[in-house]
């Protein structure tokens, strides 16, 4: 995002006024057109972006929401040209707080973010299979919770790299369950990840992955 304090010349037009090359000390609505072809149309306070506004990036990404001190801050929607859309809370230019990210493949993550990453309680839904990951997230990955299948079967326990690991329980739709300590095993020339419990009984194999925001 272009920043006025960067020192590069840009065109600024205050609402009802004449074009110039600075927003210094201006309060009100204005239009800024930057050398990199970014554009901002919205409110200023003392020369910086503050309040509601729309920011159009040269790469065709678009943000519509609140600003504070030139950065996305508050509630806003960022629509990415090829990567989907985020709507929710922002802090100091980063996703922070509660929000929903809808990916280009229609997968969705709805939950909490911390400084741009999934962190806290959240729900990731795969659009093509209907599977869900619900639980506690840290640094963009689920670490504890449930992996739920459309047929009612689900795993509840610990995760590593978005896959079941260590302690956990498989719950089946017929009411049965299997407790165990699960280990991820890489098997050459087969499915990339296989899960086995410490009793040696294979319960499931599936690769879990998600596009990072």
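Restricting to the range 9-22, count the residues that are buried (at least 18 other Cβ atoms within 10 Å of the Cβ) and at pLDDT 95 or above.
The total comes to 1.
Between residues in the range 164-178 that are at positive phi and touching a residue at least 40 places away in the same chain (Cβ under 8 Å) and residues that are assigned to a strand (DSSP E or B) and exposed (fewer than 14 other Cβ atoms within 10 Å of the Cβ), which pairs lie under 7 Å by C-beta distance while being six or more apart or on different chains?
Here the result reads none, with nothing in the range 164-178 linked to a residue that is assigned to a strand (DSSP E or B) and exposed (fewer than 14 other Cβ atoms within 10 Å of the Cβ).
Going by the structure shown, is residue 111 more than 24 Å from residue 72 (Cβ to Cβ), buried (at least 19 other Cβ atoms within 10 Å of the Cβ), in contact with a strand residue (DSSP E or B) (Cβ under 7 Å, 6 or more places away or on another chain) and in contact (Cβ under 8 Å) with a residue 24 or more places away in the chain?
It is false that residue 111 is more than 24 Å from residue 72 (Cβ to Cβ), buried (at least 19 other Cβ atoms within 10 Å of the Cβ), in contact with a strand residue (DSSP E or B) (Cβ under 7 Å, 6 or more places away or on another chain) and in contact (Cβ under 8 Å) with a residue 24 or more places away in the chain.
The values are calculated or read from the model by the stated rules, or taken from the named source; none is laboratory data. What you are looking at is a predicted structure, and each value in this text was computed from that prediction instead of being measured. Every residue, glycine as well, gets a Cβ built from its backbone with ideal geometry; the counts of neighbours run over all protein chains shown.
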